[in-house]
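Report on one structure; see the data block that follows.
The values are calculated or read from the model by the stated rules, or taken from the named source; none is laboratory data. Nothing here was measured: the structure is a model prediction, and the numbers come from that model. Neighbour counts run over all protein chains shown; Cβ positions are idealised from the backbone, glycine included. Accessible surface areas use protein heavy atoms only, side chains included; no ligands, DNA or RNA. Shrake-Rupley method; radii C 1.70, N 1.55, O 1.52, S 1.80 Å.
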Amino acid sequence: MSEASTSSYDVIIAGGGITGLTLACALKHSGLRIAVIDQREPQAVGKDYALRVSAINRASLEVFNSVGAFEHMQQLRVSPFRQMHVWDSSGVGQIHFDSAELGLDTLGYIIENNVIQLALQAVVQQSETIDWLCPVEIESLDISAAQKQVRLTDGSTLTTQLIIGADGANSVVRNAMGVELVRKSYQQQAIVCTVATEYEHQQTAWQCFLPSGPLALLPLADGSCSIVWSLDESRVAQMMALDDTAFAEKLGESFEYRLGSVKTVSARAVFPLGHGHVDHYVQQGLALIGDAAHNIHPLAGQGANLGIMDAACLAQVITDALQARRQWSAFHTLRKYERSRKGDNRLMETTMTGFKYLFGNDNPWLTEIRNIGLNVVDHAGTVKQVFINQALGKH
Ligand SMILES: Cc1cc2nc3c(=O)[nH]c(=O)nc-3n(C[C@H](O)[C@H](O)[C@H](O)COP(=O)(O)OP(=O)(O)OC[C@H]3O[C@@H](n4cnc5c(N)ncnc54)[C@H](O)[C@@H]3O)c2cc1C
C-alpha cells in the first residue's frame, strides 16, 4: 500500500490470529469488503513441530470444514487424538473417554497454531473480497464517527463502519473502546516443548493434575508429544534452568512415567497464565472476539476453541442481518452475538478457575473430594456426558 493512501472497507478485522482469520473466512461469501490486519506473518511449517499447538475440538473442526480450511490443514500437518485420559496425581481419581465409545473417529486434532493460521490465510487469499494486510501494525484508531478510521504504521488510513478487535490479550481495539479486561494472574506460567517418550502415546491426550499445577501431554502424528506444564513462577525458573537431561527426568517423574521415560526434549518456551473477561463485547460498529474479549487457563485447551465459536457466531449474526436487510453493524445487531456467546465463555472461565483451585491444592479434604468427583464422573453416564460434551465443544 502506498504512503498516506486511504482505503475504504465494510469490515476491518484487527488481528489475523486464529479467531480473526476464522471470522474473515466465515464472511467470505457475505459480499462485504473486508481487510484483515496483522503485524506478522504466521511462521512457515518447519521440519520440527512448532511449540504453540492447540487441541481443536469437533465443534471448531466443523467451522474449519465449513469454510474450506481443514483440507489445507491436513495437507500441512495435523495430529488426531482419539482418547483422553485425565487423572489426579494425589489420589486415585480418573476420567477416560474414547472416541469409539461415542461412535466417532476422533475426539479432535492437535494442530500447530501456525498451521491453523496458514490454512485459514490460504482461504482468505483465494477470496477477491478480502485483503490480507501484513506485516503492518495498527498505530491508532478514531472510533468517534460512524465511519471509523484505522491508521497503520505504514502511513496509510483505512475507513470502515465495523471494526472487529481480534487482536489478542493486549487488544488496541478494546483500549480504544474504553473497555477494561481485568486480567487476574494465576501466579503461574506454562512451560511448552516437544518431547519423545519411551512408550507410544496411543493417540491419547494425557492430563495429570499435580498439586503444583496441571501437566498435559498432547499426541503428535510423528509419535512425539507436545507438553504444557503449568507451575508456580519460581518452579518454572528452576525447571528452565535445568539442562535437557535433568528436565526430561523431572518431567517423566512428574508424569509418573505413564509413557515411560522422556527421551528427548526440544527448545522450551514459557507463557504467562491468567484469566479475565470484558463486561461488554460490542458497541455501535465495534465488536471484540477471542482473546481480546476473554482469557482462560489453557488446562482444558479451550481458548482458541471459544474464539473460533465467537467468530462463527458473529459471522452468522452479520450474515443474517444482511439477508434480512437490517443494519448489520448496528449495536442492536451485534448485541445478538454478545448475548449468544458471553454465557458460554464465562462458564468456561469460571469452570477452569474452579478446576485450577480444586486441583492445585494438596489439602487432604480437597484430594478426597476430587477423587470422589473424578471417579463418579468416570462411572456416572450422564455426568460423564457433560464432560464429554465440553471436550467436544457441544453445549
Ligand atoms: C500454553 C498455551 C496453550 C494453549 N493451548 C490451547 C489449546 O490446546 N486449545 C485451545 O483452544 N486454546 C489453547 N490456548 C489458547 C489459545 O492459544 C488462544 O486462546 C488463541 O490463540 C487466541 O487467538 P486470538 O486470535 O484470539 O488471539 P491471538 O492469538 O493473540 O492473535 C492476535 C493477533 O493480532 C495481532 N495483533 C495484535 N495487536 C496488533 C496490532 N496493534 N497491529 C497488528 N496486529 C496486531 C497479533 O500479531 C496476533 O496475530 C493455549 C494458550 C496457551 C498460552
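If you sort Tyr257, Tyr109 by accessible surface, 1.4 Å probe, largest first, the order is Tyr257, Tyr109. Against the main long axis of the alpha-carbon atoms of the chain, helix 331-359 sits at an angle near 20°. With all pairs of different C-alpha atoms in the average, the Kirkwood value for the hydrodynamic radius of the range 222-357 is 17.8 Å. Counting lysine pairs in the chain whose alpha carbons fall under 26 angstrom apart, excluding pairs fewer than 8 residues apart on the same chain, gives 18. The alpha carbons of the range 155-216 occupy a box of 56, 26, 20 Å along the principal axes, longest dimension given first.
Over the range 271-313, Cα pairs under 8 Å with separation of 6+ residues give a relative contact order of 37 percent. Note on the chain: helix-only mean residue ellipticity at 222 nm, from DSSP H runs of 4+ residues weighted -39500 (n - 2.57) and normalised by residue number, equals -11500 deg cm²/dmol. When all protein chains stay in place and ligands, DNA and RNA are ignored, the 1.4 Å accessible-area order of Met348, Met84, largest first, is Met84, Met348. Across the chain, Cα-Cα distances exceeding 26 Å account for 54% of all pairs. Carbon-plus-sulfur accessible fraction, the chain (probe radius 1.4 Å, protein heavy atoms only): 50%. Each pair of Cα atoms in the range 61-128 enters the Kirkwood radius, and Stokes-Einstein at 37 °C and 0.692 mPa s then converts it into a translational diffusion coefficient of 235 µm²/s.
Along its principal axes, the range 1-50 has C-alpha extents of 41, 30, 13 angstrom, given from the largest down. Take Glu101: with every protein chain present and a 1.4 Å probe, its accessible area is about 110 Å². Take every pair of alpha-carbon atoms less than 8 Å apart whose residues are at least six positions apart; their mean separation over the length of the range 76-231 yields a relative contact order of 24 percent. Looking at the range 190-305, the accessible area is 36 square angstrom per residue; that uses a 1.4 Å probe and ignores ligands, DNA and RNA.
Taking the empirical scaling 2.2 N^0.38 Å for compact globular proteins as reference, the range 120-235 has a Cα radius of gyration ratio of 1.58. Each residue of the range 213-224 is assigned a 3J(HN,Hα), and the resulting list reads x, x, 10, 10, 10, 10, x, 10, 4, 8, x, 7 Hz, derived from the Karplus form 6.51 cos²θ - 1.76 cosθ + 1.60 (θ = phi - 60°), x at Gly and Pro.
Applying the criteria of a DSSP loop state and at most 16 other Cβ atoms within 10 Å to the trypsin sites (Lys or Arg not before Pro) of the range 152-190 yields Arg183.
For Thr157 and Glu253, the FRET efficiency from 1/(1 + (r/R0)^6), where r spans their Cβ atoms and R0 equals 56 Å, is about 0.50. Taking only the alpha carbons of the range 1-134, we obtain Rg and Dmax values of 18.2, 65 Å in that order.
Quote the relative contact order of the chain in percent (integer), defining contacts as alpha-carbon pairs under 8 Å separated by 6+ residues. Across the chain, relative contact order equals 21 percent.
Put the Cα centre of the range 260-295 next to the Cα centre of the range 80-143 and the gap is 12 Å. Across q = 0.20, 0.25, 0.34 Å⁻¹, the range 277-321 modelled as identical point scatterers on its alpha-carbon atoms has Debye log10 I(q)/I(0) values of -0.67, -0.93, -1.23, in the order of the q list. Heavy-atom accessible area for Thr245, with the other protein chains in place and a 1.4 Å probe, reaches approximately 110 Å².
What is the pair-distance distribution P(r) of the range 285-350, computed from all Cα-Cα distances in 5 Å bins starting at 0, with each bin given as a whole percent? Cα pair-distance distribution for the range 285-350, in percent: 3, 18, 29, 21, 13, 9, 5, 2, 0.
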